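Encoded as structure tokens, the structure appears first; notes follow it.
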Amino acid sequence: DQGRPRADIIFHGLLGADKWRLLREAKVAVTNPTGVGETFGISAAEFGLLGVPVVTRNAGGPIDVVASGVSGILFDDEHDLPEAVVGLLRDEDRRAEMGRNAMARVRSRFDIEVVIAKWRRVIDEILAGDPVAADVLPALVVDSRRGDLEFAFLAVGAAQQQPGPAGRPLLGPPL
């Protein structure tokens, strides 16, 4: 127990295969309470996807993931952190509602199909407004068998096609 503030607090460190099981078991998630260096809030999105409300600093990327008072709690002053966490732990109904809201919010904003549709709209807008943009355009390549995204550069008018991510041909060099 050396280095642990209390016996019932466990710092897991890097997680392997148990990651999703451990995240799902959480009642409340505290992610990046300093607010430093978080450009997106992937941990907040992961917890939200599993229906776990998130408490985090009202700064950086997590503000796009967490709707304060709806899917979790954003705090401005670190002195508000304990009250936010304990309040959710004590109020099972509020915690459950925020968890459901967190799951719905993450799915509605960050589901792969939603993100792909947003990228397509951006690319279409660029192409519609600037025909030169087609010369070198960052695009998404989706491997539907695995369900993940791969990025590549499509260089229109390149002399020869080269194999891209997952063996698909691309025009120009892959990133």
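A few remarks follow.
- Single residue of the range 31-66 satisfying the filter (farther than 19 Å from Leu89 by Cα, more than 13 Å from the chain's Cα centre (by Cα) and at pLDDT 90 or above) that is most open to solvent (accessible area, probe 1.4 Å): Asn58
- Restricting attention to the range 1-30, the residues that are open to solvent by 90 Å² or more (accessible area, probe 1.4 Å) and under 26 Å from Ala104 (Cβ atoms) add up to 5.
- For the range 77-96, a tally of residues being open to solvent by 70 Å² or more (accessible area, probe 1.4 Å) and closer than 19 Å to Asp64 by Cα returns 0.
- Any hit, the range 67-85, residues being under 19 Å from Asp111 (Cα atoms), of a type in the set (A, V, I, L, M, F, W, C) and modelled with pLDDT under 95: no
- The range 67-76, residues that are under 22 Å from Arg24 (Cβ atoms) and loosely packed, with under 15 Cβ neighbours inside 10 Å: Val70
- The residue that is nearest to Val70 (Cα to Cα), among those in the range 104-125 that are open to solvent by less than 60 Å² (accessible area, probe 1.4 Å) and more than 16 Å from the chain's Cα centre (by Cα), is Ala117.
The values are calculated or read from the model by the stated rules, or taken from the named source; none is laboratory data. The structure displayed is predicted, hence computed values, not measured ones. Positions of Cβ are backbone-derived with ideal geometry, glycine not excepted, and every protein chain shown enters the neighbour counts. Surface areas here come from the heavy atoms of the whole protein model, side chains and all, with no ligands, DNA or RNA. Shrake-Rupley method; radii C 1.70, N 1.55, O 1.52, S 1.80 Å.
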